[in-house]
1. I'd like the distance between the alpha-carbon centres of the range 667-690 and the range 145-210, rounded to an integer number of Å.
2. Given the pairs Lys17/Lys766; Lys155/Lys198; Lys551/Lys603; Lys421/Lys707; Lys421/Lys773; Lys725/Lys766, which span a C-alpha to C-alpha distance of over 29 angstrom in this model?
3. Based solely on its DSSP helices, what 222 nm [θ] is calculated for the chain when runs of n ≥ 4 H residues each add -39,500 (n - 2.57) and the sum is averaged over all residues, nearest 500 deg cm²/dmol?
4. In nm, what is the difference between 0.36 nm times the number of residues separating Lys745 and Ala21 and their Cα-Cα distance?
5. Which distance in nm do the two modelled labels at Ala302 and Arg483 give, with both placed 7 Å along the Cα-to-Cβ direction?
6. Assign unit charges at the C-beta atoms only (+1 for Lys and Arg, -1 for Asp and Glu), then state the dipole size of the chain relative to its Cα centre in Debye, rounded to the nearest 20.
7. Can you find, among Tyr391, Asn418, Gly446, the residue sitting farthest towards the positive end of the charge dipole of the range 353-471, where Lys and Arg contribute +1 and Asp and Glu -1 at Cβ?
8. What's the extension gain from Glu491 to Asn3 if we count 0.36 nm per residue and subtract their Cα-Cα distance?
Amino acid sequence: MGNPVLYIVDGHSQVFKAYHAIQQLSTSTGIPTNAVFGFCQILHALLRKHNPEYLAVAFDTGAPTFRHEAYAAYKANRPEPPADLPLQMGYIRRVLEGLRVPIFQRDGYEADDVIATLTRLALEKGFDVIIVSADKDLFQLVNDRVKILRLEPDKETLFDREAVREKMGVWPEQMLDFLAMVGDSSDNIPGIRGVGPKTAATLLNQFGTLENVLAHASEQKGKLRENLEAGREAVVLSRKLVALDDHVPLDVDWKALRRPEPDYEKLAEVYRELEFRQFLQEIQPAQQKHRAHTYRAIVQLADLQKFCEKIRRKGYVAIDTETDSLDTMRAQLVGISLAVEPHDAVYVPIAHTGPLGEPLTPQLTIDEVYSVLDPILRSEAVLKVGHNLKYDRKVLLRYGFAVEGPAFDTLIASYLLNPDKRVHGLKELAMDWLNWQMTPLQELIGSGREQISFAQVELEKAVAYAAADADATLQLWQLLSARLRESGMLELFERMEMPLMDVLIDMELTGVRIDGQHFARLADELGRQLQELRHRIVQLAGEDFNVGSPKQVAHILFEKLGLKPKRRGKTGFSTDVEVLEELADEHEIARLLLEYRQVEKLKNTYVDVLPTMIHPATGRVHTTYHQTTAATGRLSSSDPNLQNIPVRTPLGRKIRAGFIPSQPDYVLLSADYSQIELRILAHISKDPVLIEAFRQGRDIHALTAAKIFKVPLSAVTEQQRDQAKVVNFGIIYGMSPPGLSQRLKIPLEEAKGFIEEYYEAYQGVKQWIEETKERARKEGYVTTLGGRRRYLPDINSQNYAARSAAERIAINAPIQGSSADMIKLAMIAIHQWLRESDLYARLIMQVHDELIFDLPEQELEAVMPEVKRYMENAMPLDVPVQVDMKYGRTWAEC
């Protein structure tokens, strides 16, 4: 048995290293976390890899030390600590308190002195010591029983005597002299002028000590001799400043250094506040991972009836479906889980099978479950709670169940509370909010070739997994509904986001008809176009090469043709779209490469893929709309993405020509908001000039051109109008002069002038922008007209780039978010009207500011004015709202 080992973490060194290594990290509510996160990374790596039995952390107090008294200039050039560091230090201390790790510090001394003292005392007590630090000054302490551990998140280095010698060129016992000779400009330690690490190491290896080096100074040649002679006084002072004081008065309770069980509740509280899910997962004790609960299967009809009576009494139920596919149009229902009380849930298996595929018995049939559960799901008196409820509702609808009445989706609630959060999955939210590490699905069904269907999962495991989903959903509802109320977004949730789910379900289930033959012909045409483009590109290059390889394209452009590179990427000179657009004026090959990439992308993304996505039963393409992806509140679309098909390019129009009505005598109707974001800007900024322009029905881009170019409205050219249009929309997106300069390909000064003239013309907009940024700095978020919040954690950041990006979002989010709110309200109103009418018209697509309807041609007269009315009045503005309407036999004709 060797000596016990005391690990001492150099808190000061690790915190500052983390602060500067990790940039722009903060919680969704704006708490800066870069230093805390980096420190916790190191701490957790230490606990995970080394599991220290004895542990302590040393910090500076920030008070002046004996070194400041000895040398007034000591650390005088160091900048003030970052303004956001004291707050983070408070969190670091809370983490250490939760881990029950003793903290050592003392006014008048630095953390290094505290570490030196702890090390000496520990050695006397019979401990060996490992110091966790990135500070080379502590190499002085290394000996046969003391080592330095440098921990990175992905690697570690242990320095013993030999390792110090290899890295620094001297032995640990020579480090004090070495540091004194070299000095340290960041701490204002003078050292010997002209003596760097290599020279210092050479001299110490030759003469052994600083004293001997100085004694033999006269033997050196030229400038080195002069420097050594001139630096005698400075190096003696430097040695005093870098020497560690190992007699700091410390009160050490050696029993307290033995690491006890952490205070999990305290740790969980701080980690949840900091949104450190990864660390929360690591520290979670086994008893919390397997918390007490009552989960059971219901396989008798009487038991299900009894449970449904309980649901009626409670007035709410959390519901979750288990299926064999993520595709709601094809998924088979395997079972349903239900919960009405925390830690108590049931699972109703419906289509589970044995190992050989035989139906499992006993289990209820779908008809039996329907007879008892469907009335509950339709009831206006029962709140239905789910996570990603749209998925469950679509699956249940295909089996005849209708989820109607009040509903609450924890996925959407989480998104509203934190729209910039990337993942809102049930497992992640359970970890964040409930400190509950749930079982991943892959543990049950496996992955790859070995993956099985959920129907084949052993029933006992299926019950535990599925019931936990309903239980977690129920508990999250209880927490998130309260948070929504506190944030003031409960009305937005209930009035807009939840009713919108009904609209999206109908749109997704209805689908869009496409012309398979049209896409087959277009695929052939684009294939020939790509061959021709490739032939022309290779001709211009003068040699054959892989047009799809960025590396080979870079070789042709910058080495073979000698074009000037614009920007370096990770693997060489960049050939991305921006670079090719810049080069297109210099050489035709760049323009052809751009065209090739666009054609190839649209062919691969839409032309080849869309026909394969036609559902065999409906003959249509069924996209999925997402309410929780875009932080602005806009909807997104996937499988297929119908919102990214270009509208202004000939190829984009050809793709849209493949979207057709569902019946021969039907048409597609497009209803598109005109300049809605500029109208919203006029409304929220209260700018009198903009408001009057929209009320008079003027061309807003021509008006802006007249103002920034100082010409009469009648004299505005098409080019001036186009440039003004970029300025108009650029203001909404917070575009800076350099951004405008790049976009319009004009000098920076001219771009500055454009923006200044814009603000001079629309002073209400300028005032609104300044007030919005100021309010965002105070409140930490901005709000849309519908009450949607966008949090801005970097709005007060000291990092210019991060702060500027947050300021751009502060301006854009209220405008773009209000536009999203408006079209959502219009969709809800139109959908409700169509449901209550006897019309065949259906809303089938939403593409940002545009709604697409599929309807009999004879219904146009009835539908068009109502759609226009609902869209224009969805959210009253101080300016008229204009909706452009077109119809045709294809989407392109619209």
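1. A separation of 66 Å, based on Cα centres.
2. On the way: Lys17/Lys766 40 Å; Lys155/Lys198 27 Å; Lys551/Lys603 23 Å; Lys421/Lys707 41 Å; Lys421/Lys773 22 Å; Lys725/Lys766 17 Å.
As for pairs spanning more than 29 Å Cα to Cα, those are Lys17/Lys766; Lys421/Lys707.
3. Taking each H run of at least 4 residues, the total per residue is -15000 deg cm²/dmol.
4. Numbers: separation 724, 0.36 × 724 = 260.64 nm, distance 3.57 nm.
Fully extending the segment from Lys745 to Ala21 adds 257.1 nm.
5. Output for this residue pair reads 4.3 nm.
6. The dipole of the chain has a size of about 1000 debye.
7. Final value for the positive-end residue is Asn418.
8. Details: separation 488, 0.36 × 488 = 175.68 nm, distance 6.39 nm.
Extra length from Glu491 to Asn3 when fully extended: 169.3 nm.
The values are calculated or read from the model by the stated rules, or taken from the named source; none is laboratory data. Since we're looking at a predicted model, the values are computed, not measured. For neighbour counting, all protein chains shown are included, and Cβ atoms are generated from backbone atoms with ideal geometry for every residue, glycine included. Please note that ligands, DNA and RNA were not included when accessible areas were found on the heavy atoms of the full protein model with its side chains. Shrake-Rupley method; radii C 1.70, N 1.55, O 1.52, S 1.80 Å.
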